[in-house]
Structures are given as structure tokens and as C-alpha cells.
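A short worksheet on the structure shown next.
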Amino acid sequence: MRRVSLVAFFWTLVLAVPFTALALSAVAYITDHLFGIAAALTQFSQATTRIGRPWLLEVAERMPEVAGMVVGQLIILVILFLVRTTEAKEESKN
């Protein structure tokens, strides 16, 4: 039992120390360059849309279509579920 806890402790340190250092350096970089990152993302999103509109507006226009597809798929799944349970009940009666 003592060996298992020592191995777990060792591998926890081996994994935790590098990832903690990586996370701290990423946070420091993002903090120093936040305005530049935000400006680059805004410029990229306006440059890549068809008419120069932000991604949020493009996604908002497509949400009714996505909602319709999701609802349609849910209806199909419910119908399949009901048919299978009905068939299973009929087979169990025979």
C-alpha cells in the first residue's frame, strides 16, 4: 500500500509541475497581450465573414435553422423509440 501511494505521489508531481508552469506562463502571456489578441480576433472575424459582419450576427441568423434541425432529429428519435417499444411489447405477448 505504501508503494502505491509513493508512485501516485511521484506521477502527480511529474504531471502537475510542468502543466502548472505552462498554465502560469500562458496566463502571463495572455495578460500582457490581451488587447492585441482581442483586436486580432475582431479583425479576423470581420475579414472571414462574407460581408464583413461579426460571427455573432452570422450565427444568430442561423440559429432558427439549427433549432429546426435539432427538433426534427429529436422527433425522429422519439418515433423510433416508440416503434421499438411497441414491437417489443407485441413480441413479448406472442
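If you scan the stretch 49-84, which residues turn out to be modelled with pLDDT under 90, surrounded by 10 or more Cβ atoms within 10 Å (Cβ to Cβ) and of a type in the set (Val, Ile, Thr)? Passing the criteria: Thr49, Val59, Val83. Scanning the stretch 22-47 for residues that are of a type in the set (Ser, Thr, Tyr) and either modelled with pLDDT of 95 or more or surrounded by 10 or more Cβ atoms within 10 Å (Cβ to Cβ) (or both) turns up Ser25, Tyr29, Thr42, Ser45.
So for the stretch 30-50 (the condition being touching a Ser or Thr at 6+ places or on another chain (Cβ under 7 Å) and not in a helix (DSSP H, G or I)), does at least one residue qualify?
Residues of the stretch 30-50 that are touching a Ser or Thr at 6+ places or on another chain (Cβ under 7 Å), as a first pass: none.
No: zero hits.
The values are calculated or read from the model by the stated rules, or taken from the named source; none is laboratory data. Bear in mind that the values here come from a model prediction, so they are computed numbers and not experimental data. Glycine gets a Cβ as well: all are built from the backbone with ideal geometry, and neighbour counts include every protein chain shown.
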